[in-house]
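The values are calculated or read from the model by the stated rules, or taken from the named source; none is laboratory data. Here the structure is a predicted model, which means the values were calculated and not measured. Don't worry about glycine lacking a Cβ; one is built from the backbone with ideal geometry, like all the others, and counts go over all protein chains shown. For the accessible areas, the whole protein counts, side chains as well, though only heavy atoms, and no ligand, DNA or RNA atoms are used. Shrake-Rupley method; radii C 1.70, N 1.55, O 1.52, S 1.80 Å.
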Amino acid sequence: MKRIIALLSAIMVLTLQSVSYAAKKEQYYTISQLHDQITEEYPNGWQESIQTKWRTVEINTPVIVPDVDKMPILFLHQVKDNEIDVSLLPGEGWTSDSGKRISAERASDPSKPKFDKMKIESNHYYAPVDMEMRLEDFEGKTLRELAQEIMEALECVNQGENGFDIEHPFDVMVNVATDPKTKKSQECYVDYLAYQTVADIPLFWHMSSYLTYDLPIWKERISWVNLLMGMNAYNGMRFIYYPLQSKTIVEDIPLMDFSKVQNTLRKEVEAGHIRKILEMRLGYTAVDVKDDPEGFTGATKPIWHVEVWWCKNGKARMKEDDPDYPTNDHGKLEYAKIAIDAQTGEILSITGDAVPKQQKNKGVEKYQGYLGWEDVK
């Protein structure tokens, strides 16, 4: 009998070790596998009810993962001396400036009303933006069609390796002008803010944008590199972006199972901190590289970019909007941004007016290498 019990115990230990080993092997994925998994399991985003000691928090969050095969680690360099030939751009009336950014603007038709003398209302649309939304005063075209028109002009002078995630802009602003005399309103301008991409993967802000403290100033830092573009209904158009060059350090890296990322956020929900998760995106933040012999000054670090409502303690209530100045989800006083390390599933940093002051995470803004596939086998 004792032998049977010992044998069963040994089998159980071996089984548990086998399960543990299998789970360990299965917790890292390629970005392609993550994309397919999340698309299949969360076609309408992450939806879940989480019960805390104080309230029930409803998770209804879009999860955006690039549809690519690999996620490399890249070194980045911001191109400083840029000039474009405006004769390559469609239509007349283009002007541009040069330097770190490429900026071009096309003049409007003389028939354009004097919008600056009208009352302007700005309507913001955040991710996931309905790109099929039509603007009646732009010939009934969709946001996607209008974005593609601007991109056709931009691509005439696009230099180097620059890509843009215009399918998932993080802010689209539609301005509506109202004539004070006639009281007639019309859509007068549409603006898009979208992430530039490297290796077809969004590049979010520099790591410093997720910190509650300032870093020492370094002029070579790759910080704000988003695409700004817009147009009005009278032929006017503009775009601004920052050209980048890159070199590949490693072709592909392993990424932590999405369930670990969810568990990290669940803990903050259960602790009463997170009251709403507005969006989640997988991509890169930029970190500093110094003394590279080829002059590269930044590196990509894989993160989950998460936007939330954050409160310091579980008992606290969300602040009410001022009725005279109503805001949107991203304009709340409790709005915060979280950077989660996509290779570990742990929070790197949180920033926002409502988050507590954090101790300095020494070196978090610097390139510190990466986990390779050989490290997780």
Largest-first principal axis extents, alpha carbons of region 23-91, Å: 61, 35, 23
Give me the lysines in straight-line cross-link reach of LYS319: C-alpha distance below 29 Å, same-chain residues under 8 apart excluded. LYS53, LYS119, LYS267, LYS276, LYS332, LYS337, LYS357, LYS360
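For the chain, what is the accessible area per residue in Å², given a 1.4 Å probe and the full set of protein chains? All intermediate terms of the calculation are to be shown ahead of the outcome.
On the way: 20130 Å² over 377 residues.
Heavy-atom accessible area per residue stands at 53 Å².
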Identify the GluC sites (Glu not before Pro) of region 265-294 meeting these criteria: DSSP loop state and at most 14 other C-beta atoms within 10 Å of the C-beta. GLU294
Burial ranking of peptide ranges 89-97, 200-208 (average Cβ count within 10 Å, highest at the top): 200-208, 89-97
Could you order the peptides 59-66, 334-341 from most to least packed, using the average number of other C-beta atoms within 10 Å per residue? 334-341, 59-66
Kirkwood hydrodynamic radius for region 181-246: how many Å is it when counted over pairs of different Cα atoms? 14.9 Å
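Using a 1.4 Å probe on the protein heavy atoms, what percent of the accessible area of the chain belongs to carbon and sulfur? Walk me through the numbers before you get to the answer.
Values: 9890 of 20130 Å².
That share works out to 49 percent.
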Kirkwood Rh and Cα-based Rg: tell me the resulting Rg over Rh for region 226-322, rounded to two decimals. 1.11
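Let's test the formula: R0 of 45 Å, r as the Cβ-Cβ distance of GLN27 and ARG144. What FRET efficiency results, to the nearest 0.05?
Values: r = 37 Å, r/R0 = 0.82.
The pair GLN27/ARG144 has a calculated efficiency of 0.75.
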Could I have the simple spin-label model distance between ALA316 and GLU40, label points 7 Å from Cα toward Cβ, reported in nm to one decimal? 4.1 nm
Ordering of 242-249, 282-289, 37-44 by packing [mean C-beta count within 10 Å, highest first]: 282-289, 242-249, 37-44
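Could you tell me whether region 233-278 comes out rounded, prolate or oblate from its Cα gyration tensor? Rule is a ≥ b ≥ c as square roots of the eigenvalues, rounded for a/c under 1.5, then prolate if a/b exceeds b/c, otherwise oblate. Working shown, then result.
Numbers: a/c = 4.18, a/b = 1.43, b/c = 2.93.
Oblate, since a/c reaches 1.5 and b/c is not below a/b.
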In degrees between 0 and 90, to the nearest 10, how far off the longest principal axis of the chain does helix 2-26 point, with axes built from Cα atoms? 20 degrees
What residues of region 162-195 lie in the reach of a label at GLU121, counting those whose backbone N is under 18 Å from a point 7 Å from the Cα along Cα→Cβ? 172-191
Residues in region 126-158, backbone N under 11 Å from the label point at LEU193 (7 Å along the Cα-to-beta-carbon vector): list them, ranges by number please. 126-127
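Report the equivalent ellipsoid semi-axes for region 51-127 in whole Å, largest first, defined as the square roots of five times the eigenvalues of the gyration tensor built from alpha carbon atoms. Each step should come with its number before you reach the end.
Details: eigenvalues 311, 163, 32 Å².
The three semi-axes for region 51-127 are 39, 29, 13 Å.
How much of the calculated P(r) for the chain lies past 37 Å, in percent of all Cα pairs?
Details: 21427 of 70876 pairs.
Of the Cα pairs, 30 percent sit more than 37 Å apart.
Just from its helices, what would the mean residue ellipticity at 222 nm be for the chain, if runs of 4 or more DSSP H residues each count -39500 (n - 2.57) and the sum is divided by every residue, rounded to the nearest 500 deg cm²/dmol? Don't jump to the answer; show the numbers that get you there.
Values: 5 runs with 65 residues, N = 377.
Result for the chain: -5500 deg cm²/dmol, rounded to the nearest 500.
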